[in-house]
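Below is one structure, written out as structure tokens, with a few remarks after it.
The values are calculated or read from the model by the stated rules, or taken from the named source; none is laboratory data. Every value quoted in this text rests on a predicted model; they were computed, and no experiment measured them. Here the Cβ is made from the backbone with ideal geometry for all residues, glycine too, and neighbour counts use every protein chain on show. Protein only, heavy atoms only, side chains kept; ligands, DNA and RNA dropped before computing areas. Shrake-Rupley method; radii C 1.70, N 1.55, O 1.52, S 1.80 Å.
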Amino acid sequence: MEKTTYRLTTYGLQKFVEALEKKSANYFKGNPKSAKNINFAALERAAKLQGLTTTRETFERIFKNDLDRGNDLSSLEKIAKWLEITLGPRDYREIKKTSSHIAQQREERDITTTRESVLNSLIATPRIPESCPYVGLNAFDESTAQWFFGRDKAFKQLLDKIKKSSFVFVVGVSGSGKSSLVKAKLIPEMAQRGYQILLMKPWSNPIQRLKDALTEGTGADVVELEERIDRDGLLAAIPTLPTQQNLLVIDQFEEVFTVCSREDERSKFIQMLVDIAQQDNPDFMIVVTMRIDFLAHCSRANLNKIVNEQMVVISEMSENELRDVIAKPAETQGYQLSDGLLDLILRDIEDEPNCLPLLEFALEELWETRDRQNRLLTLDGYRQMNRLKGALNCHADRLYAKQSKNGQEWMRRIFLKLVRTGKDTKDTRQRERRQELLGLAGQDTNAKKEIENMLKILVGEKGRLLVASDEKGDEIIDLAHEALMDGWQRFAEWRTCDRDLRRKADLIQDAFNQWNETKDIEMFSMSEGFFEEVEKVEDVINVHLTTEQREFLQRNRFKYRPWLDPKHAIELVDIPGGTFWMGSPEGKGNSNEKPYHKVTVPTFCMGKYPVTQAQWYAVAKSPKVNRDLISNPSFHSGENRPVEQVSWLDVQEFCKRLSNLTGQLYRLPSEAEWEYACRAGKEKYTEYWFGDDAS
């Protein structure tokens, strides 16, 4: 039976690739952005995040465009819908998967393709590009460098500085375009010069991120390089890199001070960079981008001296530079600005210094409402979106208003989770693993689905407020830009509430990350003083914590409040009441076991096992009643061994504390209760409950 499948034509393939590029540059392994360079693993993950069940094999059949294989039409239509394009008759061709037709189909396809090519070259007008030349809240990079204008002077300063030093800091206020300058101008320039580009952000573990940057895609021996870094530092590891010339770009260096909580790791990482700077090796260059308000944090390991001598400050743009930023990208796509639009935007910029992210977002919104017929960006469109300051705020508010009440609450919690709440410094963005954000739902599967859906909206083409990236198999979610924190008024208001509470939540996360990353996880925990602070607000702080972080908090509780740990509970058994002969009859036992007499014992509960040393320790750490207790009194130590070397008075204190902790009365058994329990219901006397023979 014949199975009808379809493949894209050359025209259709180009259309699909362009739509994929517009959706995200992360779907390509490098330049040029073509079907040959598609990152199919990233594409499959993104599709699953969007709720598609499309497999990698399906994507490969579409974009590799195998002549003899294809997909059913519904698969092509599904992917086209996701890419927001419409399939036309010129976009695909039918393939009949029977061997008798293959040769004929190949011939027909070749003729059809040739005919299309000839017709297009003879009668078709040149296709005018309609890709948006503005990047919104995202930084410019290699894929969008063709639309990056206005920073020629700053780029020249950067190149001049690099000629003199192999370690350069690019600093400026938030929103000044530091990352765009490095990614869209410097990286392509250095790649053209033959440098291998190594790109990283410090996050909470900068040394591991450095290792990843040096090994991912370079062909370096991972084990050898990581061992050298751990043992001797970065300087000793450089000779193991396969490429001779390397440029390490550390973006958002302020994360070293805001997100990395381990002082030892922070100091070691900075010292490694200082060692490199002091060598001044032109074959291994480092360029760092950092917010200028973190200069004061660079005082350690002589880093401030290096920064001061080797710093490029990104200043505000001149009016001519801003004109280029606004008008030239549109001109590359064949569009002009209507009369009065450019002047109005420039006036708005005067009231909003360092507003490049807001400007790019406003221009991106303006592009969507452009006059396609007259190829204009219009003044009316700019006014309708509330101009420069209002564009982002209106967009985010519209998105928020469309969500359900639950969706709005998850939106708030997600955004607050992506911010590091400052105390002596401004708030900063804080990337999170997608799994961490899902952890806010706890064990509630419906809530997890709601978070999944919210992330899909916020990252998607309609949202554009968050960005997703792949790092070593982890999907990382981040604010599209810090400008959101003040540019969206509702978000700014959220951040004014519960600041002390959220700072504590950040510190809990720091402690958890430190505990989770170390090989000896029993060695690291929260300090007892900080735990006591958290314990006072635990009921309200849990909403800011993931499931794993709440479990970590509980683990610390059991460390400092061991009596609360269920594993230390005394296991009891019910002893039914009854009558038995107590003591030893004549001719049996010892003299102190006489007289042999009947005793009736009411029902009671008794510990199933002797009290262990771990149980004793847990209760001994609880609040005192009458006397102090030694927490580890036993000679033969071992958590599960019976406690010994304790007095009758010690045991009385133990029972009183245990009673206070549980709300039930605990005491030592009477001699009659003890013997009755040990006889285990035996009516006839035996030396032991199992008989007379001790063996």
Worksheet item: Cross-link partners among lysines for Lys598, C-alpha distance below 24 Å, same-chain residues fewer than 8 apart left out?
Response: Lys588, Lys682, Lys684
Item to complete: Quote the charge dipole size of segment 469-593 about the Cα centre in Debye, to the nearest 20; the model charges only the Cβ of Lys and Arg (+1) and of Asp and Glu (-1).
Response: 360
Practice prompt. For Lys426, go through the aspartates and glutamates and keep the ones whose alpha-carbon is under 12 Å away, minus same-chain ones fewer than eight residues off.
Written response: Glu254, Asp293, Glu482, Asp486
Worksheet item: To the nearest 10 square angstrom, how much accessible area does Thr258 have with a 1.4 angstrom probe?
Response: 20
Item to complete: Round to the nearest 0.05 the FRET efficiency obtained for Trp648 and Ser591 when R0 = 30 Å and r is the Cβ-Cβ distance.
Response: 0.80
Worksheet entry | Restraint check, Lys22/Lys156; Lys178/Lys462; Lys164/Lys328; Lys156/Lys178; Lys48/Lys456, Cα-Cα greater than 22 Å | Lys22/Lys156; Lys178/Lys462; Lys164/Lys328
Response to the item:
Measuring from the longest principal axis of the C-alpha atoms of the chain, the long axis of helix 10-23 (C-alpha) lies at a number of degrees, nearest 10, equal to 50
Practice prompt. Mind checking segment 570-642 for trypsin sites (Lys or Arg not before Pro) that DSSP puts in a loop (not H, G, I, E or B) and that have at most 13 other Cβ atoms within 10 Å?
Written response: Lys608, Lys624, Arg627
Worksheet item: Quick one: helix 206-215 against the long Cα principal axis of the chain, what's the angle to the nearest 10°, folded into 0 to 90?
Response: 50
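Sorting Asp348, Asp470 by accessible area (1.4 Å probe), largest first, what list results? Could you put the intermediate results ahead of the total?
Details: Asp348 20, Asp470 70 Å².
Result of the area sort, largest leading: Asp470, Asp348.
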Practice prompt. With a cut-off of at most 13 other beta carbons within 10 Å, and DSSP calling the residue loop, which trypsin sites (Lys or Arg not before Pro) in segment 633-673 qualify? Please list them.
Written response: Arg667
Practice prompt. Enter the angle in degrees (range 0 to 90, nearest 10) between the Cα long axis of helix 445-459 and the first principal axis of the Cα atoms of the chain, meaning the one along which they spread out most.
Written response: 20
Item to complete: Sort out for me the Cα centre separation of segment 423-466 from segment 157-173, rounded to whole Å.
Response: 35
Worksheet entry | Proximal lysines to Lys621, defined as alpha-carbon separation beneath 22 angstrom and excluding residues fewer than eight positions away on the same chain | Lys536, Lys559, Lys567, Lys656
Worksheet entry | Ordering of 162-174, 638-650, 270-282 by burial proxy (mean other Cβ atoms within 10 Å per residue, highest first) | 162-174, 270-282, 638-650
